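Down below is the structure, laid out as C-alpha cells.
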Amino acid sequence: MMAKAVLVDLRRCIGCRSCQVACKRWNDRGATATKHNPDPKLEWTNPSDFSPQTYTYVRFVKVGKGESLKWVFAKVQCNHCIEPGCATACPTTALIKTKEGPVIYRKELCIGCGYCINACPFGVPRFDEENKAIEKCTFCPERLSEGLEPACVQACPTDALTLMSLEEARRKAAEAEAKGLYTYGLHEAGGTSWIYISETPFTELGFPKVGPEAPAAFNLRMLENISIIGAVGLIAMGGLWLYSKRRSKLEESKRGES
Amino acid sequence: MSEPVWGILIATYLFLGGMAGGAYIIGAWSDLFGKGKYEVLARSGAYTSLISILAGLVFLILDLKRLTVAPFSVLNAYIHFPVSIMSVGTWIISAFTVVALLTTLLWLLNGNRILIKFLEILGMVLGFSTTAYTGILLSYARGRPFWGSPLLPWLFTVSGILTGLGLTVIGISIIAKIMPRLDRNFFEFFEQRSKVSQMFKSIEEYSIVPTFLEILVVILFIGTVWGTNGSFALVFGDLSAFFWIYLVIGLLVHLVLSLYNYIKSVEENTIIFGSLVGFALVLIGGFILRYVILIAGQL
Ligand code: SF4
C-alpha cells in the first residue's frame with residue numbers, strides 16, 4: 001500500500017464534531033467528564049485537550065473581535081509525522097512509523113518511560129494510568145488495510161477530511177500555500193501525514209510553532225551546538241589558565257628582582 | 001502542551017547520575033594526575049560514584065510506568081540504539097556502572113595499579129558521557145521548549161562535577177568515620193588532621209572555578225530559553241523560591257566559604273567542618289537544580 005495521508009481543509013469544517021464521535025465509537029473510547037477551557041478564545045472547545053480517552057477533538061476558536069469575529073474549527077489528533085519525534089525518542093521501538101502512514105504503538109515493547117510525551121512537538125501522546133499504556137490517534141491502520149478510510153474521515157459530512165496519498169496531499173498543500181493560504185504539516189517537524197490548509201494563520205488557532213527540521217536533523221543541530229559551546233568553553237578556560245600561570249610567574253620573577 | 005510526566009523520581013535520577021559521573025571524573029583525575037598525593041580522593045571517587053549511579057538507577061527504574069505490569073520490559077531500552085538518545089544513554093550508563101564497579105573492586109582488593117589507571121581513563125570518558133547525557137536527554141525533547149538549549153547539558157555537567165567533588169569529599173569523611181573497615185586507608189588518612197584540612201582546603205580552592213562557571217552557565221542557559229513558560233516560572237513564578245534557594249545555598253554559600261578559607265588562614269577543624277557543610281549544601285543545591293528544571297520544562 002502507498003503511504004497514505006489526510007488533508008484537513010479547515011475552510012470546509014463546520015464544527016459538527018462527527019469525527020470526534022466517530023473516533024470514540026470506532027476506538028471504543030469512553031466518555032469522560034470534561035473541563036471547561038479557561039481560555040476565552042477556546043471556551044467552546046470540548047473536550048479541551050487530548051486524554052487517553054480522547055484521540056481527537058475539534059478546537060472551536062474565536063478569531064477576531066466584535067463585528068469581525070468569526071469561528072474557526074480545527075480538528076486535532078496525532079499528525080503522524082513522516083519522521084516522528086516520538087518514535088525517534090522511544091528507546092524500545094514501541095512507537096514506529098509504518099510505510100502505510102500510521103505511527104503505531106506496540107504496548108508489549110513499551111517500558112513506560114514517558115519520553116515520547118516530552119518529545120512530541122505537538123503535545124499528542126498521553127499515558128493511561130489504568131491500562132499502563134500510551135494512547136494517541138492510531139490513524140486506524142486496521143481500517144486502512146481493509147481499504148477503508150479512518151473512522152473520522154468517513155464520518156465527516158463536508159469532506160473537510162480527505163484520505164489520499166501523501167504525495168497528493170503535499171502537492172495540494174503546496175498549491176494552497178502558493179495561493180496565499182496557510183498550511184500546517186507541510187513543513188513542520190519535517191512534514192507530517194496529516195496536513196492542514198487554512199485561511200487563518202495557525203498561530204492564531206493555538207497550534208504550536210514547530211520548526212521545519214525532522215527530529216534527526218534537530219538532534220544533530222543540538223549536538224553540534226553543544227559541541228561548539230564545549231569547544232569554546234574549553235579554549236576560554238585553557239586561555240585563562242595559561243594567563244594566570246604566566247602572571248604568577250611574572251610576579252615571582254618580579255619579586256626575585258626586588 | 002502535555003501534562004507533566006517526569007517528577008521527583010526522575011529529578012533524583014538525573015541528580016544522582018550526574019553526580020556519579022562527576023565523582024568518578026574527580027577520583028580518576030586525582031589518581032592520574034595527583035602524583036600519588038590524592039589516593040584517598042581517588043578511592044572515594046570510585047566508591048561514591050558506584051553508589052550514586054546504582055541509587056540513581058533504582059530511582060529511574062521505579063519511575064518506569066510499566067514496571068508493575070511488565071518488570072522485564074526494562075531491557076527493551078537497549079533496542080533502539082543509536083537512534084534514540086535514551087537508548088544510547090542506557091548503553092552508556094550500563095557501561096559506566098560496570099567500569100565503576102570494577103574500579104571499586106580493584107581499589108578494595110588493592111589490585112593492579114596499571115589496570116586501575118586503564119579503567120580510570122575509560123571511566124572518565126563514560127562518566128563524562130553519563131553526566132552530559134542527563135542534559136542531552138532533556139535538550140532533545142522537542143515538546144518542551146524550555147529544555148531546548150545546548151547549554152543545558154553543560155549546566156548539568158558543571159553541576160555534576162561540582163556535586164561529584166562534594167560527594168567524594170563527604171565520602172572520605174563518611175567512610176573514615178562510619179565504616180572504617182571498608183577501607184583502612186580512609187581511617188588512617190583521617191587521623192592526620194593537618195593532612196585532611198590541607199586536602200579539603202585545596203579541593204575547595206579547585207572548586208571555586210566550577211562554582212563560578214555554574215553561576216555563569218545557569219544565567220546563560222536561562223537567557224537562551226527566555227520567553228518560555230518555564231523561564232518565567234523559574235525566575236519569578238511558582239518555582240522561583242526553589243531556584244533562589246539553589247543559587248544561594250547551592251552555590252553562593254559554598255563560594256563564600258571557600259573564598260574565606262582561601263584568604264584567611266582558618267583553624268584546621270574549622271576548615272574541615274566548613275567544607276563539609278559547604279559541600280553538603282552544594283549537593284542539596286544540585287538536587288534542587290534538577291528538580292526545578294525538570295518541572296519548569298513541563299509547565
Ligand atoms: S504528532 Fe507526536 S505522537 Fe504523532 S507521530 Fe508526530 S511526534 Fe508522534
Just for the stretch B:185-222: of the residues that are within 26 Å of B:LEU259 (Cβ to Cβ) and free of Cβ contacts under 8 Å to residues at least 12 places away in the same chain, which one is nearest to the chain's Cα centre (by Cα)?
-> B:VAL209
Give the residues of the stretch A:97-148 that are of a type in the set (Val, Ile, Thr) and either out of contact with any helix residue (DSSP H, G or I) (no Cβ under 9 Å at 6 or more places or on another chain) or facing chain B (nearest Cβ under 7 Å) (or both), sorted by residue number.
-> A:ILE111, A:ILE117
Among the residues of the stretch A:77-96, which ones are more than 10 Å from chain B (Cβ to nearest Cβ) and more than 7 Å from the ligand (Cβ to nearest atom)?
-> A:GLN77, A:ILE82, A:GLU83
Look through the stretch A:63-76, keep the residues that are more than 16 Å from the ligand (Cβ to nearest atom) and in contact (Cβ under 8 Å) with a residue 40 or more places away in the chain, and return whichever of them is nearest to A:ARG17 (Cα to Cα).
-> A:PHE73
Filter the stretch A:134-193 for residues that are open to solvent by less than 50 Å² (accessible area, probe 1.4 Å), more than 16 Å from the ligand (Cβ to nearest atom) and of a type in the set (Gly, Ala, Ser); the one that is farthest from A:GLU108 (Cα to Cα) is A:ALA176
For residues in the stretch B:1-47 being assigned to a loop (DSSP other than H, G, I, E, B) and away from chain A (no Cβ under 13 Å), which is most open to solvent (accessible area, probe 1.4 Å)?
-> B:LYS35
Go over the candidates A:ALA155, A:ALA176 one by one and state the one that is at pLDDT 95 or above, more than 14 Å from chain B (Cβ to nearest Cβ), farther than 27 Å from B:GLY135 by Cα and touching a Cys at 6+ places or on another chain (Cβ under 8 Å).
-> A:ALA155
Residue by residue through the stretch A:1-53, note down the ones that are closer than 15 Å to A:VAL153 by Cβ, open to solvent by 50 Å² or more (accessible area, probe 1.4 Å) and either among the aromatic types (Phe, Trp, Tyr) or in contact with a Ser or Thr (Cβ under 6 Å, 6 or more places away or on another chain) (or both).
-> A:ARG12, A:TRP26
Among (1) in a helix (DSSP H, G or I); (2) out of contact with any Lys or Arg (no Cβ under 6 Å at 6 or more places or on another chain), the one test that A:GLU213 misses = (1)
The listed residue being touching a residue at least 24 places away in the same chain (Cβ under 8 Å) and under 28 Å from B:GLY36 (Cβ atoms), out of B:LEU182, B:LEU137, B:LEU151 | B:LEU182
Of the residues that make up the stretch B:142-149, is at least one away from every other protein chain (no Cβ under 12 Å), among the aromatic types (Phe, Trp, Tyr) and open to solvent by less than 30 Å² (accessible area, probe 1.4 Å)?
-> no
Name, by its number, the condition in (1) open to solvent by 20 Å² or more (accessible area, probe 1.4 Å); (2) under 24 Å from A:ILE96 (Cβ atoms); (3) among the hydrophobic types (A, V, I, L, M, F, W, C) that does not hold for B:LEU138.
-> (1)
Looking at the stretch B:258-299, which of its residues are aliphatic (A, V, I, L, M), farther than 19 Å from B:THR163 by Cα, open to solvent by 60 Å² or more (accessible area, probe 1.4 Å) and part of a helix (DSSP H, G or I)?
-> B:ILE263
For B:ALA132, state whether it is closer than 18 Å to B:GLY286 by Cβ and within 14 Å of another protein chain (Cβ to nearest Cβ).
-> yes
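The values are calculated or read from the model by the stated rules, or taken from the named source; none is laboratory data. This is a predicted model, so every value here is computed, not measured. Neighbour counts run over all protein chains shown; Cβ positions are idealised from the backbone, glycine included. Protein only, heavy atoms only, side chains kept; ligands, DNA and RNA dropped before computing areas. Shrake-Rupley method; radii C 1.70, N 1.55, O 1.52, S 1.80 Å.
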